[in-house]
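A.B. asks: The structure's right below; bear with me while I get my questions together.
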Amino acid sequence: MRTKISIENKRVLIRRLAFGAGLVAVAAIQNTQGLLLSVFGIRAMPLIPAVVCVAMFERELSGVLYGLFAGLLWDMCSVSGGSFNAILLSAIGFACGALITHLMRNNLVTALLLGSGAAMIHQFAYWARVYVFEQRMDGALSLFTFYIPSCVYTLMWLPGFYFLVRAAMKRLN
């Protein structure tokens, strides 16, 4: 017995597969040495704004799942492992989706606000995990010379992701 998939369901499926493939591409760009420009040793983390933008348009449940998927892709290439990025990006995806659903409007200014908050939370949590919980004494310098500038560099990716995700939503809705 064959079931017919409606045109709406096909568009949703195509959109979700496209977002998943996009996250795979962004993870490959982020995790491949030499593909991203490194400015004074500072690297961008484009998976953070990608998850924020997708979660803003797909809402809570999909935001959690896309965050989990992106975090697992990141953790597969991470030295430390431990599913740190998967857990944190899932929480970020849920928070962004829930805030857009219940409290905020979906626009570029909101995306920049949520993206900057997500980048700061992720980078500060990672810094605390590496330096504070392991009781290393050289953490303050790295916070101001790598982690905070990395947040700024990461935010430069956000407008591009926002407009790409918005265009995909308009085309496939």
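A.B. asks: Show the residue pairs that are 6+ apart or on different chains and have beta-carbon atoms under 7 Å apart, the first residue being within region 1-30 and in contact (Cβ under 8 Å) with a residue 12 or more places away in the chain and farther than 14 Å from Val54 by Cα, the second being of a type in the set (A, V, I, L, M, F, W, C) and open to solvent by 100 Å² or more (accessible area, probe 1.4 Å).
C.D. replies: Correct list of pairs: Ile29/Leu35.
A.B. asks: List every residue pair whose Cβ atoms lie under 6 Å apart, where the two residues are 6 or more positions apart in sequence or sit on different chains, the first residue falls within region 116-143 and is closer than 21 Å to Gly41 by Cβ and among the small types (Gly, Ala, Ser), and the second residue, located anywhere, is modelled with pLDDT under 85 and assigned to a helix (DSSP H, G or I).
C.D. replies: The qualifying pairs are Gly139/Tyr131.
A.B. asks: Something else now. Exactly one of (1) open to solvent by less than 50 Å² (accessible area, probe 1.4 Å); (2) at pLDDT 95 or above is unmet by Glu58. Its number?
C.D. replies: That leaves (2) as the condition not met.
So that you can scan it fast, the table gives a plain yes or no per residue for (1) within 20 Å of the chain's Cα centre (by Cα); (2) not charged (D, E, K, R):
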site	(1), (2)
Lys4	no, no
Ile7	no, yes
Leu13	no, yes
Ala18	yes, yes
Ala21	yes, yes
Val26	yes, yes
Leu37	yes, yes
Met45	yes, yes
Pro49	yes, yes
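A.B. asks: On to the next question. Is there a residue in region 135-152 that is within 20 Å of Phe69 (Cβ to Cβ) and surrounded by 15 or more Cβ atoms within 10 Å (Cβ to Cβ)?
C.D. replies: Within region 135-152, none of the residues are within 20 Å of Phe69 (Cβ to Cβ) and surrounded by 15 or more Cβ atoms within 10 Å (Cβ to Cβ).
A.B. asks: Then there's this: I want to confirm something. Restricting to region 3-31 and keeping residues that are among the polar types (S, T, N, Q) and open to solvent by 60 Å² or more (accessible area, probe 1.4 Å), which single residue is nearest to Leu68 (Cα to Cα)? Walk me through how you get there before you give the answer.
C.D. replies: If we filter region 3-31 for residues that are among the polar types (S, T, N, Q), which is where we start, we get 3, 6, 9, 30-31.
Going one step further and asking which of them are open to solvent by 60 Å² or more (accessible area, probe 1.4 Å), we end up with 3, 9.
Details: Thr3: 30, Asn9: 23 Å.
Across region 3-31, the extreme among qualifying residues is Asn9.
A.B. asks: Out of all the residues in region 73-84, which are of a type in the set (A, V, I, L, M, F, W, C) and buried (at least 17 other Cβ atoms within 10 Å of the Cβ)?
C.D. replies: Leu73, Trp74, Phe84
A.B. asks: Moving to a separate point now. Just one of Leu112, Leu172, Leu164 is surrounded by fewer than 17 Cβ atoms within 10 Å (Cβ to Cβ), touching a Lys or Arg at 6+ places or on another chain (Cβ under 6 Å) and in contact (Cβ under 8 Å) with a residue 12 or more places away in the chain; which is it? Break it down into steps so the answer makes sense when it comes.
C.D. replies: Details: Leu112 fails: touching a Lys or Arg at 6+ places or on another chain (Cβ under 6 Å); Leu164 fails: touching a Lys or Arg at 6+ places or on another chain (Cβ under 6 Å).
Testing whether each residue is surrounded by fewer than 17 Cβ atoms within 10 Å (Cβ to Cβ), touching a Lys or Arg at 6+ places or on another chain (Cβ under 6 Å) and in contact (Cβ under 8 Å) with a residue 12 or more places away in the chain leaves just Leu172.
A.B. asks: Out of all the residues in region 85-95, is one or more farther than 20 Å from Val152 by Cα and open to solvent by less than 10 Å² (accessible area, probe 1.4 Å)? Explain how you work it out, then say what you get.
C.D. replies: Restricting attention to region 85-95, the residues satisfying the condition of being farther than 20 Å from Val152 by Cα are 86-87, 90-91, 94-95.
Still in the list and also open to solvent by less than 10 Å² (accessible area, probe 1.4 Å): 86.
Yes; the residues of region 85-95 include at least one that is farther than 20 Å from Val152 by Cα and open to solvent by less than 10 Å² (accessible area, probe 1.4 Å).
The values are calculated or read from the model by the stated rules, or taken from the named source; none is laboratory data. For clarity, every value in this text was computed on a predicted model and none was experimentally measured. Heads up, the Cβs are rebuilt from the backbone with ideal geometry, glycines too, and the neighbour counts pull from every protein chain shown. Only protein heavy atoms, including side chains, enter the accessible area calculation; ligands, DNA and RNA are left aside. Shrake-Rupley method; radii C 1.70, N 1.55, O 1.52, S 1.80 Å.
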